[in-house]
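Remarks on the structure that follows.
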Amino acid sequence: MDGIIDTITQFAAQEPAIFALIIGIIGAAVLSAVVNVGAMLVIWADRKVMSDFCNRFGPNRVGGRWGILQLGADAIKLFTKEDVIPAGVDKGVYVWAPIIASAGTMLVAAAIPFGALHIGGKNYPLVVANMDISAFYVEAALSIMSIAVFMAGYSSNNKYSILGAFRGIARMIAYEVPMGVCVISVAVMAHSLNLVEIVESQTVWYAFAQPLGFVIFMIALVTDLGRVPFDQSEAEEEIICGYSTEYSGIRWGLLYFQEYNNFLLGSILVSLLFLGGWHGPIIPIPLLDMVSPMIWLLMKVIIVIWFIILIRAALFRLRIDQVTDLGWKWMLPLSILNLGWAVIVGSYFA
C-alpha cells in the first residue's frame, strides 16, 4: 500500500495537470454516485420510519419485505410521467430551476469530506476539494437552494407557487444567518475554516464544548431543509404543494430529490462540525481498520438522520410568523451569545 501511495505521489509531482484532471473526473463520478444513492436510502428511511410511527400504508407494507422496491417504482413513474409545462409560465426560468437546485447540491458535496481512510497510522480524508474555507463555502452553496425555490415559484404563474416561494425565502434567510454564526463559532474554536482541520481539532466534540451552538445549528438545519415543523413552503393543506405545484414528471422529481440530497449532506455537516466527524477507535480487524473512520462517520450521520425524521413524526407545523419570529428574535441573539462563548473558550485554549 505504501508503494502505491509513493507511485501516485511521484506521478502527481511529475504530471500535476493530468493528475488533477484524472482526480477531478473520478471524484465527480464517485461523488454523484455516493450522494444520489445515499439520498435514495434517506428517502426510503424517511418513508419507512414515518409509515411505522404513523401506522399508515407505506414501505412498511408494500414494495417487498423492506419496502425497497417502492423506490424503483417511484423512479419509473417519474421518468415516464408526462412532462407538462403550463401555459403562461416563464419557460426559461421554469426549466432551469430544477437544474440549478441539483447543481447546487453537487457544489455542496464537492467540499464535504465523506470520511477518511486509515492507512499506515494516518487518516487520509476523502474529499474532492479540500479548501481552506470549505465550511463557509458549503454554507454559501447551500443557499443556492433558496434561489432555485424562488425561480420555481416565481416562474410558475401560480399564486400558490409564489406564496410558497416567498415563504421559503423568508424562512431560509431567517435561519441561515444564525447558522452562519454557529459555523463561525466552530471555526473560532478550531482556529480554521477547513472542515478537515475542524474534524481533526475535536479532541472534545464541539457539541459538548458549545451545546447551545449545536442546538441552534440543528434547528437552523431542519428549517433550511424545509422539514416539519418548518415546511411552510410545502404546506399541502394550505398552498397545495408550494413552489413546486406546477411541476410534474422528472422536473418535479429533481426538485423533490435534491431536498433529500441536502438532507443527507446537512446531516454529514452536523457530524463533521459538532460530533467529531470520523474520529473513533480503530477497529482491529484487517480491512475494517482501514475504513474505520468511514464507519464512525456513517454511524453518526445515521443517528442525525433518524433524529430529524423523528422530529417530523412528533411535531406539528408552525405558522410562518412563528417561524420568522423564532429565527430573528431568539435564534440570532442566542447564536451571537454562543459566538461570544466560543471566542472566550477558543482564546483560552489557543
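A short reminder: the numbers here are calculations on the coordinates, not readings from a lab. Only a predicted model underlies this, so the values are computations on that prediction, with no experimental measurement involved. Heads up, the Cβs are rebuilt from the backbone with ideal geometry, glycines too, and the neighbour counts pull from every protein chain shown.
Just a few scattered comments:
- Percent of C-alpha pairs per 10 Å bin in segment 240-292, short distances first: 20, 26, 24, 17, 12, 1.
- Sites W330 and Q14 - FRET efficiency at Förster radius 45 Å, r taken between beta-carbons, to 0.05: 0.20
- The sum of -39500 (n - 2.57) across all DSSP H runs of n ≥ 4, divided by the residue count of the chain, sets its helix-only mean residue ellipticity at 222 nm to -22500 deg cm²/dmol.
- Compared with the dominant Cα axis of the chain, that is its longest principal axis, helix 249-274 is turned about 40°.
- When the chain is described by a simple charge dipole with +1 on each Lys and Arg Cβ and -1 on each Asp and Glu Cβ, the residue from S51, M299, I112 located farthest towards its positive end is S51.
- Residues listed by number, segment 282-310, amide nitrogen under 16 Å from L41 label point at 7 Å toward C-beta: 291-307
- Extending 7 Å from the Cα toward the beta-carbon at both M294 and I133 defines two label points whose distance is 3.1 nm.
- Inter-probe distance in nm under a simple model that places probes 7 Å from Cα toward Cβ, at N157 and W306: 4.9 nm
- Averaging over all projection directions, the Cα-based convex hull of segment 287-350 occupies 7.5 nm² in the image plane.
- Under the shape rule built on the C-alpha gyration tensor, where the axes satisfy a ≥ b ≥ c, segment 220-260 is oblate, since a/c reaches at least 1.5 while a/b does not exceed b/c.
- Using alpha-carbon coordinates, inclination of helix 211-225 to the longest axis of the chain, degrees: 40 degrees
- Here the convex hull built on the C-alpha positions of the chain has a volume of 154 cubic angstrom per residue.
- Principal-axis analysis of the Cα atoms of the chain puts helix 69-80 at an angle of about 60° to the longest axis.
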